[in-house]
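Bear in mind these aren't lab numbers, they're just calculated from the coordinates by the rules spelled out. Note that the structure is a prediction, hence the values are computed from the model and not measured. Cβ atoms come from the backbone with ideal geometry, glycine included; neighbour counts cover every protein chain shown.
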Amino acid sequence: MKKILLTLCVGLLTLAVQAQEHMTFKGVSMGCNITTFVSQLKAKGFTVNYEADNGVILEGDFAGKSNCKVYVLPTKQSKMVWKVAVKFPEQSSWYSIKSEYRTFKDSYTEKYGKPESYEFFSSPYEEGDGYEMTAIRVEKCNYVSFYTTEMGPITLEIHKDKCVQVSYEDSINSAIKSKEKEASVEEDI
């Protein structure tokens, strides 16, 4: 009975939010299931590197950069795309990664407005000490900007994999993800 009720609730939630706008990535709406979304990205030149129940990793060009990794994450039950993250190619120096971060931050700020940003190193590291890349790897470099849009948040950051990463979250499908998780927890307990 709980599974039927969960399925009904998720279905009604999906219908209720379809009238709202979904986040887009490369012109593809995130308001679809992962199979359709990945198929549309493949049509735009992306290739699939890895596929599993919990997501798909593709590779292709994004924002003028080649060989980007694109992570597509679906909700657990309905398989709706709730998040897409892009990792740009790994950088070998602090100045190149910081420059790339600043360039993308300027572009995103121009399009989405001023972000909430945090840009600092945690002790014992500091900019100019020559250990910035080590700080990135051990997650002591905190360079992140949060953009708020009507369709969901966008996060730009320097990632621990020594690259710049941008993430798009669809607020409608994030709500579905949360409902599915709550229902799963309730069913277990």
Residue 188 and residue 107 label points (each 7 Å along its Cα→Cβ direction) are spaced in nm at 3.9
For the chain, the longest principal axis of the Cα atoms and the Cα long axis of helix 171-188 enclose an angle in degrees, to the nearest 10, of 60
Relative to the chain, whose Cα atoms define the longest principal axis, helix 34-43 and its Cα axis are tilted in degrees, nearest 10, by 50
Rounded to the nearest 10 degrees, the helix 94-112 long axis (Cα) sits at an angle to the longest Cα principal axis of the chain of 50
Rg (one decimal) and Dmax (whole number) from the Cα set of the chain, in Å, equal 18.4, 61
Largest fluctuation, 66, 123, 171 only, Gaussian network model of the chain with Cα springs under 10 angstrom, belongs to 123
Connecting every pair of Cα atoms under 10 Å apart in the chain and solving the GNM, the largest mean-square fluctuation among 120, 88, 25 falls on 120
Residue separation between residue 33 and residue 181 times 0.36 nm, minus their alpha-carbon distance, gives in nm 51.6 nm
Zone reached by a paramagnetic label modelled 7 Å from residue 114 Cα along Cα→Cβ, restricted to the range 148-189 with backbone N below 17 Å, covers 148-149
Across 125, 143, 168, the residue with the highest GNM fluctuation in the chain (Cα network, 10 Å cutoff) is 125
